[in-house]
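Visitor: The structure is given below, and queries will be raised subsequently.
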Amino acid sequence: MPIDATLPYDDQNIFAKILRGEIPNNTVYEDEWALAFRDINPQAPVHVLVIPRGAYVSWDDFSANGSDSEIAGFVRAVGKVARDLDLVESGYRLLANIGIDSHQEVPHLHVHLFGGKPLGPMLAR
Ligand code: DGP
């Protein structure tokens with residue numbers, strides 16, 4: 001079910017539980033600002049989710065309310081994950097779903113990082 005990204009943060013969401021170590025994940029990178037792990041339902045040879053450590057529902061929440069340090073740390077982490085996975089030369093795609101029309105399902109900001117093959121058109125027609 002898509003979530004309403006204007007609702008308050010729910011600290012029982014699945015990514016909050018992953019951040020607290022209550023649910024296992026396949027981590028590819030972590031630092032002070034971000035955690036990156038493999039998507040449970042990969043849609044490309046490389047499909048990684050990068051999430052900030054802070055409690056933000058969506059890109060909208062984060063961009064409005066995140067501190068400069070959190071935003072800088074998160075954006076740098078996303079770029080580092082792609083470099084660490086050797087995706088810069090071949091190319092990759094970033095995607096963040098925000099709210100109902102985008103079909104965001106997990107109410108903790110996550111950026112999808114796709115790569116490992118030609119990814120085709122940006123949106124299904
Ligand atoms: P979105 O529709 O943008 O909210 O995408 C949510 C993604 O999260 C979806 O691709 C599947 C993934 N996902 C959901 N639950 C889990 C989980 O428990 N572990 C991992 N690794 N990924 C999950």
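Visitor: Looking only at residues in the range 1-41 that are among the hydrophobic types (A, V, I, L, M, F, W, C) and in contact with a Gly (Cβ under 9 Å, 6 or more places away or on another chain), which one is farthest from Asp101 (Cα to Cα)? Give the steps one after another, and end with the answer.
Guide: First, the residues of the range 1-41 that are among the hydrophobic types (A, V, I, L, M, F, W, C): 1, 3, 5, 7, 14-16, 18-19, 23, 28, 33-37, 40.
Checking the rest, the ones that are also in contact with a Gly (Cβ under 9 Å, 6 or more places away or on another chain) come to 3, 5, 33-34.
On the way: Ile3: 9, Ala5: 10, Trp33: 28, Ala34: 26 Å.
Among those residues, the one meeting the criterion is Trp33.
Visitor: If you go through the range 45-66 one residue at a time, do you hit one that is touching a residue at least 60 places away in the same chain (Cβ under 8 Å) and open to solvent by 30 Å² or more (accessible area, probe 1.4 Å)?
Guide: For the range 45-66, residues touching a residue at least 60 places away in the same chain (Cβ under 8 Å) and open to solvent by 30 Å² or more (accessible area, probe 1.4 Å): present.
Visitor: Just a yes or no: is a residue in the range 5-19 near the ligand (Cβ under 9 Å from one of its atoms) and touching an Asp or Glu at 6+ places or on another chain (Cβ under 8 Å)? Steps first, please.
Guide: Taking the range 5-19 first, the residues near the ligand (Cβ under 9 Å from one of its atoms) are 14-15, 17-18.
Within this subset, residues satisfying the condition of being touching an Asp or Glu at 6+ places or on another chain (Cβ under 8 Å) are none.
No, the range 5-19 contains no residue that is near the ligand (Cβ under 9 Å from one of its atoms) and touching an Asp or Glu at 6+ places or on another chain (Cβ under 8 Å).
Visitor: Inside the range 93-116, can you point out the residues that are more than 10 Å from the ligand (Cβ to nearest atom), surrounded by fewer than 18 Cβ atoms within 10 Å (Cβ to Cβ) and of a type outside the set (Asp, Glu)?
Guide: Across the range 93-116, the qualifying residues are Arg93, Leu94, Ile100, Gly116.
Quick grid of which residues meet (1) within 29 Å of Pro121 (Cβ to Cβ); (2) in contact with a Leu (Cβ under 6 Å, 6 or more places away or on another chain):
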site	(1), (2)
Thr6	no, no
Tyr9	no, no
Arg20	no, no
Asp39	yes, yes
Pro42	yes, no
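Visitor: Follow-up question, since we're still on this one. Check Tyr56, Tyr29 and return the single one that is in a loop (DSSP other than H, G, I, E, B), under 14 Å from Val111 (Cβ atoms) and of a type outside the set (D, E, K, R). Give the steps one after another, and end with the answer.
Guide: Details: Tyr29 fails: in a loop (DSSP other than H, G, I, E, B).
Going through Tyr56, Tyr29 in turn, just one is in a loop (DSSP other than H, G, I, E, B), under 14 Å from Val111 (Cβ atoms) and of a type outside the set (D, E, K, R): Tyr56.
Visitor: If the Cβ limit is 6 Å and pairs must be 6+ apart or interchain, which residue in the range 22-33 that is in contact (Cβ under 8 Å) with a residue 12 or more places away in the chain pairs with which residue that is within 14 Å of the ligand (Cβ to nearest atom) and open to solvent by 80 Å² or more (accessible area, probe 1.4 Å)?
Guide: Hits for this filter: Asn26/Arg38.
The values are calculated or read from the model by the stated rules, or taken from the named source; none is laboratory data. Remember, predicted model here, so these are calculated numbers, not experimental data. Glycine also receives a Cβ, built like all others from the backbone with ideal geometry; neighbour counts cover every protein chain displayed. Keep in mind that these areas ignore ligands, DNA and RNA; they rest on the heavy atoms of the full protein, side chains included. Shrake-Rupley method; radii C 1.70, N 1.55, O 1.52, S 1.80 Å.
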